[in-house]
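Participant: Please read through the structure below; I'll follow up with questions.
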Amino acid sequence: MKIMSTNIHLVGISGSLRKVSYNTALLKAAQELLPENVTIEIAEIGNLPLYNSDIDGELRPQSVNDFRNILAKADAFLFVSPEYNYAIPGALKNAIDWASRGEDSPIINKPVALMGATRGLWGTTRMQQAFRPVFQYLNMIPVNKPEVLVAQVQTKFDSNLQLIDEQTKSIVRQQLEALKNLTLRFKD
């Protein structure tokens, strides 16, 4: 009889490269709100070169190999991202391009949750919709509900970028629990 582990290891990625980023702060808040038996490691994307298939495969830069090695340890992923021009920020899309290539892709067929924070009123809805075809192509299994669309983020965090809004904390906890449950269903 095979015994399934209930421990889940997530890899989280912020789609923002800013040093003072509400989305990175939201990712760090999620790190503090994890369900029991769930850990998260944050993968940085700022040092990845632009994707170029001429240097993929055996010629991959070390920064890409290091990034993919972190992703390979994940049972599931958490992307937390702003919305740029109604879409996925270029740096995050570039990271996904590097991660998705090859037979050894560490992100294909994995569960994923998506969050976004913005100063505006729409809470990154268009960015999140832009991810749907990416998830579909990569056969990633997204958490569809609850959605975490943090609008007017400047009212949800204090001056030290600590999440202070209880309603936002609650929805983040709910999504992380949903990601845990989804991952347990697909975990060997």
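Participant: Pairs needed: first member in region 151-179, part of a helix (DSSP H, G or I); second member anywhere, surrounded by fewer than 17 Cβ atoms within 10 Å (Cβ to Cβ) and modelled with pLDDT under 95; C-beta distance under 7 Å; at least 6 residues apart or different chains.
Facilitator: Between residues of region 151-179 that are part of a helix (DSSP H, G or I) and residues that are surrounded by fewer than 17 Cβ atoms within 10 Å (Cβ to Cβ) and modelled with pLDDT under 95, the close pairs are Val153/Arg119; Gln154/Arg119.
Participant: Only residues in region 1-25 that are under 18 Å from Asn181 (Cβ atoms) and of a type in the set (A, V, I, L, M) count as the first member; pair them with residues that are modelled with pLDDT under 95 and part of a loop (DSSP other than H, G, I, E, B), Cβ under 8 angstrom, at least 6 apart or cross-chain, and list the lot.
Facilitator: Taking only residues 6 or more apart or on different chains, the pairs are Met4/Lys187; Met4/Asp188; Ile8/Lys187.
Participant: Going through region 113-137 one residue at a time, which ones are in contact (Cβ under 8 Å) with a residue 40 or more places away in the chain and of a type in the set (A, V, I, L, M, F, W, C)?
Facilitator: If the condition is that a residue be in contact (Cβ under 8 Å) with a residue 40 or more places away in the chain and of a type in the set (A, V, I, L, M, F, W, C), then Ala113, Met115, Ala117, Met127, Ala130, Phe131, Val134 are the ones that fit.
The rows are residues; the columns are (1) closer than 18 Å to Leu17 by Cβ; (2) in a helix (DSSP H, G or I); (3) at pLDDT below 95.
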residue: Phe79; (1), (2), (3): yes, no, no
residue: Lys93; (1), (2), (3): yes, yes, no
residue: Asp97; (1), (2), (3): yes, yes, no
residue: Asp104; (1), (2), (3): no, no, yes
residue: Met127; (1), (2), (3): yes, yes, no
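Participant: If the requirement is being part of a loop (DSSP other than H, G, I, E, B) and either polar (S, T, N, Q) or on the phi > 0 side of the Ramachandran plot (or both), which of these qualifies: Asn47, Asn23, Asn65, Asn69? Explain how you work it out, then say what you get.
Facilitator: On the way: Asn23 fails: part of a loop (DSSP other than H, G, I, E, B); Asn65 fails: part of a loop (DSSP other than H, G, I, E, B); Asn69 fails: part of a loop (DSSP other than H, G, I, E, B).
Exactly one residue qualifies, and that residue is Asn47.
Participant: Let me ask you something else. So, in region 93-111, how many residues would count as being in contact (Cβ under 8 Å) with a residue 60 or more places away in the chain and hydrophobic (A, V, I, L, M, F, W, C)?
Facilitator: Of the residues in region 93-111, 1 are in contact (Cβ under 8 Å) with a residue 60 or more places away in the chain and hydrophobic (A, V, I, L, M, F, W, C).
Participant: Further question on the same structure: Looking at region 138-150, which of the residues that are in contact with a Leu (Cβ under 7 Å, 6 or more places away or on another chain) and touching a residue at least 40 places away in the same chain (Cβ under 8 Å) is surrounded by the fewest Cβ atoms within 10 Å (Cβ to Cβ)?
Facilitator: Per the stated criteria, the residue is Ile141.
Participant: If I go through region 39-82 residue by residue, how many of them are of a type in the set (Phe, Trp, Tyr) and without any contact (Cβ under 8 Å) to a residue 40 or more places away in the chain? Lay out the reasoning, then the answer.
Facilitator: So in region 39-82, the residues of a type in the set (Phe, Trp, Tyr) come out as 51, 67, 77, 79.
Checking the rest, the ones that are also without any contact (Cβ under 8 Å) to a residue 40 or more places away in the chain come to 67.
Within region 39-82, residues that are of a type in the set (Phe, Trp, Tyr) and without any contact (Cβ under 8 Å) to a residue 40 or more places away in the chain number 1.
The values are calculated or read from the model by the stated rules, or taken from the named source; none is laboratory data. Keep in mind the model is a prediction, meaning the values are calculated, not measured. Every residue, glycine as well, gets a Cβ built from its backbone with ideal geometry; the counts of neighbours run over all protein chains shown.
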